[in-house]
């Protein structure tokens with residue numbers, strides 16, 4: 001039942017493929033299809049790292065904590081792909097509704113430079129301060145402690161910051 005969340009991608013894929021195949025070669029936009037391929041690549045990449053890290057944990061070498069991963073943690077962190085699906089959907093919507101976001105080239109050096117500068121500057125700065133705010137007593141007890149309940153860390157543990165934690169922890 002949990003895998004039905006991928007159904008939200010079906011309209012995007014169907015419309016993108018339909019538009020790509022029916023439009024004139026000079027006017028069609030391949031950006032939505034490229035977004036979808038990037039989304040699939042990110043999901044495959046993450047799954048490979050998750051599988052590899054779980055293999056290393058099961059094998060028992062190079063552990064940070066001398067403990068096996070528990071099934072509760074695996075269940076808690078099974079929604080690791082939600083943020084990838086959300087990013088893909090937002091990218092598609094921006095591409096669909098804003099003309100400046102259509103017909104994007106596959107590669108532009110100035111765009112890569114801007115992304116690097118924005119990530120090193122404001123994104124890391126904001127991430128640090130938002131994460132620090134999550135350690136405030138009010139937010140930590142309600143939301144962020146769930147993230148820290150994973151003792152055996154995996155690559156997806158860092159991405160796991162669920163706001164639906166009342167199911168798992170007792171809020172007092």
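Key figures
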item	result
C-alpha center-to-center spacing [the range 115-139, the range 25-49] in angstrom	27
Inter-site label distance for residue 120 and residue 23 at 7 Å from Cα along Cβ, in nm	3.5
Förster-model FRET efficiency, 22 Å R0, residue 47 and residue 71, C-beta, rounded to 0.05	0.75
Residue 93 versus residue 14: modelled label distance in nm, points set 7 Å from Cα along the beta carbon direction	2.0
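No value in this document is a laboratory result; all are computed from the given coordinates. Note that this is a predicted model, so its numbers are computed, not measured. Note that we place each Cβ from the backbone using ideal geometry, even for glycine, and neighbour counts take in every protein chain shown.
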